[in-house]
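K.L.:
Got a structure here, written out as structure tokens. Questions coming.
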Amino acid sequence: MDGNGRWAAKRGLPRNLGHKAGAEALRKVVDSCRRLGIQYVTFYAFSTENWKRPVEEVNALMKLFKDYLDEVDRFSGKKSRIIFLGDKSPFPAELRDRMTALEKDSAQYTSMTIMLAMNYGGRDDIVYAAKRLARLSAEGDISPEDIDEKTFSGMLYTGSAPDADLIVRSSGEQRLSNFLLWQSAYAEFYFTDTLWPDFDEKELKKALESFAARSRRFGGV
Ligand code: FPP
């Protein structure tokens with residue numbers, strides 16, 4: 001969800017209002033995804049590197065996350081499973097508790113899964129999975145010979161969710177920035193200059209149309 005800061009700067013507004021507009025766009029895009037029948041959707045909200053931002057911006061984001069998540073089941077989270085990707089421990093206790101409760105309370109929903117990557121990094125995800133496997137192995141619950149790609153995938157924050165089919169990046173940047181490194185092995189990429197707060201159903205449909213025209217061979221012919 002890139003481009004919130006530039007969206008605000010273009011209007012002479014503080015960056016936090018760009019993030020606020022970004023949260024509004026997120027709410028609408030989730031509704032569009034549901035209408036379009038998308039079963040799994042992941043949003044990159046805060047990376048393991050984003051803690052390096054000025055403390056005022058980080059604090060404003062923490063407040064925005066809390067406000068957004070407090071309301072989520074009243075709109076976009078309704079009847080959707082919500083999963084957070086990333087280590088929750090560095091977040092303020094109130095936010096952390098809200099995240100855990102949302103995961104628990106939405107666990108029974110199966111029609112759509114919304115994954116919110118918060119304090120997420122693709123490398124951290126892989127290290128997390130490696131640690132879980134090492135622990136299981138040390139406890140004698142798995143033998144190293146039995147570890148294959150499927151077992152490894154299951155240990156990632158994304159668990160049993162399928163690999164990413166399409167990665168959409170807004171704001172003209174063309175890089176992965178430590179997002180879903182393992183899960184994007186055969187993902188298609190779609191880049192748009194649109195800044196995230198301006199991203200809407202029309203933009204989403206353009207991305208999906210581009211995806212539908214791709215020929216995916218997964219290394220075959
Ligand atoms: C990147 O744009 C955006 C972020 C680091 C924050 C994204 C968060 C939201 C949209 C709020 C959503 C809320 C929840 C609960 C998931 P940027 O700041 O890097 O933009 P710039 O590159 O233009 O400066």
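K.L.:
Suppose we keep only residues that are surrounded by 15 or more Cβ atoms within 10 Å (Cβ to Cβ) and in contact with a Gly (Cβ under 9 Å, 6 or more places away or on another chain) within segment 10-44. Which one would you say is farthest from Asp165 (Cα to Cα)?
P.N.:
If we take residues in segment 10-44 being surrounded by 15 or more Cβ atoms within 10 Å (Cβ to Cβ) and in contact with a Gly (Cβ under 9 Å, 6 or more places away or on another chain), then Arg15 is farthest from Asp165 (Cα to Cα).
K.L.:
Another one. Can you tell me which residue in segment 73-129 is farthest from Gln39 (Cα to Cα), limited to those that are free of Cβ contacts under 8 Å to residues at least 12 places away in the same chain and part of a helix (DSSP H, G or I)?
P.N.:
The residue in question is Ala93.
K.L.:
Does any residue of segment 70-88 turn out to be hydroxyl-bearing (Ser, Thr, Tyr) and at pLDDT 95 or above?
P.N.:
Restricting attention to segment 70-88, the residues satisfying the condition of being hydroxyl-bearing (Ser, Thr, Tyr) are 76, 80.
Still in the running and at pLDDT 95 or above: none.
Within segment 70-88, not a single residue is hydroxyl-bearing (Ser, Thr, Tyr) and at pLDDT 95 or above.
K.L.:
If only one of Gly37, Gly22 is small (Gly, Ala, Ser) and more than 11 Å from the ligand (Cβ to nearest atom), which one is it? Step through it out loud before you land on a result.
P.N.:
Details: Gly22 fails: more than 11 Å from the ligand (Cβ to nearest atom).
Matching residue, one of Gly37, Gly22: Gly37.
K.L.:
Okay, next question. Looking only at segment 155-181, count how many residues are in a loop (DSSP other than H, G, I, E, B) and closer than 14 Å to Ala117 by Cα.
P.N.:
First pass over segment 155-181, keeping only residues in a loop (DSSP other than H, G, I, E, B): 156-165, 170-181.
From the residues that got through so far, the ones that are closer than 14 Å to Ala117 by Cα too are 156-159, 161, 164, 176-181.
Of the residues in segment 155-181, 12 are in a loop (DSSP other than H, G, I, E, B) and closer than 14 Å to Ala117 by Cα.
K.L.:
For segment 177-205, what are the residues that are within 18 Å of Gly121 (Cα to Cα), within 14 Å of the ligand (Cβ to nearest atom) and among the hydrophobic types (A, V, I, L, M, F, W, C)?
P.N.:
Phe179
K.L.:
May I ask you to say which residue of Ala60, Ala9 is within 25 Å of Glu203 (Cα to Cα) and part of a helix (DSSP H, G or I)?
P.N.:
Numbers: Ala60 fails: within 25 Å of Glu203 (Cα to Cα).
None of the others qualify; the one that does is Ala9.
K.L.:
From the set of residues in segment 151-190 that are farther than 20 Å from Ala129 by Cβ and in contact with a Gly (Cβ under 7 Å, 6 or more places away or on another chain), which is surrounded by the fewest Cβ atoms within 10 Å (Cβ to Cβ)? Lay out the reasoning, then the answer.
P.N.:
We begin by selecting, within segment 151-190, every residue farther than 20 Å from Ala129 by Cβ; these are 165-166, 168-175, 188-190.
Within this subset, residues satisfying the condition of being in contact with a Gly (Cβ under 7 Å, 6 or more places away or on another chain) are 170-171.
On the way: Ser170: 24, Ser171: 20.
Result: Ser171.
The values are calculated or read from the model by the stated rules, or taken from the named source; none is laboratory data. Computed from a predicted structure; not experimentally measured. Using ideal geometry, Cβ is built from the backbone for each residue, glycine included, and neighbour counts are taken over all protein chains shown.
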